[in-house]
Amino acid sequence: MTNPVIEAIKTRRSIRKYKSEQIKDEELAAVLEAGTFAPTGRNRQDPFIIAVQKPELLDRLVKMNADIMGTDQNPYYGAPTIVLVFAPEVSLNKNSVQDGSLILGTMMLAAHSVGLASCWINREMEMFATEEGRRLMCELGIPENYIGIGALSLGYSSIPLPKPLPRKENYYKIIK
């Protein structure tokens with residue numbers, strides 16, 4: 001069986017090389033709106049999604065993430081847009097990490113479907129747990145009791161879409 005959604009799932013790849021050209025507003029809006037339709041536990045819709053295109057803030061995020069990673073490389077691979085996802089502390093919502101992760105995954109598929117490249121970026125949990133990260137969350141209007149879940153680098157790929165690797169044998173089972 002094939003359909004456009006299954007094809008998007010099968011052909012989406014994480015991209016780590018981006019053109020410097022900024023993405024179109026309507027493409028970004030489509031990706032962000034798709035994220036708002038990701039399932040959340042009890043349909044609480046607790047997470048916040050923040051898209052960053054402001055160069056000074058992009059530089060700040062790059063430095064914060066690189067510091068956590070222990071590198072001077074750009075952990076967002078030079079993408080012109082970074083999308084951050086925040087959710088309540090797990091003590092307030094036991095589904096926070098799962099909810100935020102579903103949002104990130106949904107946005108990755110939406111990005112692919114509109115011709116954008118993306119890559120899931122980690123370390124936002126550690127970044128926004130720092131004093132600098134907490135200050136930045138306050139500047140962004142994120143509630144005090146929230147945590148960073150993850151981020152997406154988002155832009156136009158500067159490389160051809162890689163071919164999918166073969167799936168491992170016995171990846172799933174059906175028990176009847």
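The average projected area of the chain, computed from the convex hull of its Cα atoms over all directions, is 12.4 nm².
Phi angles across the range 134-145 convert, under the Karplus curve 6.51 cos²θ - 1.76 cosθ + 1.60 with θ = phi - 60°, into 3J(HN,Hα) values of 5, 4, 5, 4, 4, 4, 7, x, 8, x, 4, 9 Hz, Gly and Pro given as x.
Cross-link reach is defined here as a Cα-Cα straight distance under 20 Å, omitting same-chain residues fewer than 8 places apart; for Lys168 the lysines meeting it are Lys10.
Counting 0.36 nm for each residue step from Glu56 to Asn122 and taking away their Cα separation leaves a gain of 21.7 nm. The Cβ shell under 15 Å around Val85 holds other residues with a net charge of -4, Lys and Arg each +1, Asp and Glu each -1. Distant-in-sequence amide contacts of Tyr18, defined by a placed amide H-H separation under 5 Å and a gap of 5 or more residues or a different chain, comprise Ser158.
Pairs spanning more than 24 Å between alpha-carbon atoms, out of Lys24/Lys94; Lys19/Lys63; Lys63/Lys163; Lys17/Lys54; Lys17/Lys163: Lys24/Lys94; Lys63/Lys163.
Per residue, the range 13-97 exposes an accessible area of 56 Å² to a 1.4 Å probe, with every protein chain left in place. Taking the helices alone, the chain has a mean residue ellipticity at 222 nm of -11500 deg cm²/dmol, built from -39,500 (n - 2.57) per DSSP H run of at least 4 residues and averaged over all its residues.
Separation of the range 115-163 from the range 8-60 is 9 Å, based on Cα centroids.
Applying the Karplus relation 6.51 cos²θ - 1.76 cosθ + 1.60 with θ = phi - 60° to the range 33-45 yields 3J(HN,Hα) values of 4, 4, x, 6, 9, 5, x, 10, x, 6, 6, 6, 6 Hz, where x marks Gly and Pro. Proximity of backbone amide H atoms, modeled 1.01 Å from N, is registered between Ala87 and Phe48, Ile147, Ile149 at under 5 Å, excluding neighbours fewer than 5 places apart on the same chain. Listed values for the range 14-29 are Karplus-derived 3J(HN,Hα) couplings in whole Hz (6.51 cos²θ - 1.76 cosθ + 1.60, θ = phi - 60°), namely 6, 10, 10, 9, 10, 6, 6, 4, 6, 6, 6, 4, 5, 5, 4, 4, and x replaces Gly and Pro. With label points built 7 Å along Cα→Cβ from the Cα atoms of Ile175 and Glu21, find their separation and express it in nm. Placing both labels 7 Å along Cα→Cβ, they lie 5.0 nm apart. A crude spin-label estimate for the pair Glu33 and Glu132, with each label 7 Å from Cα along the Cβ direction, gives 3.6 nm. Eigenvalues of the alpha-carbon gyration tensor of the range 8-47, scaled by 5 and square-rooted, set the equivalent ellipsoid semi-axes at 25, 15, 9 angstrom, largest first. Among residues other than Ala34 with Cβ under 14 Å from its Cβ, the summed charge is -2 (Lys and Arg +1, Asp and Glu -1). The longest stretch of the chain left intact once loop-based GluC sites (Glu not before Pro) with at most 13 other Cβ atoms within 10 Å are removed from consideration, loops following DSSP, is 22-88.
Taking amide H as placed 1.01 Å from N in the peptide plane, the amide H of Val52 sits under 5 Å from that of Ile82, Val83, Leu84, each at least 5 places away or on another chain.
Using alpha-carbon pairs under 8 Å, 6+ residues apart, how would you state the relative contact order of the chain in percent?
Numbers: 282 pairs, mean separation 57.2, N = 176.
Answer for the chain is 32 percent.
The values are calculated or read from the model by the stated rules, or taken from the named source; none is laboratory data. Being a predicted model, the structure only gives us computed values, none of them experimental. Positions of Cβ are backbone-derived with ideal geometry, glycine not excepted, and every protein chain shown enters the neighbour counts. When the accessible area is computed, the model is the full protein with side chains, heavy atoms only, and any ligands, DNA or RNA have been set aside. Shrake-Rupley method; radii C 1.70, N 1.55, O 1.52, S 1.80 Å.
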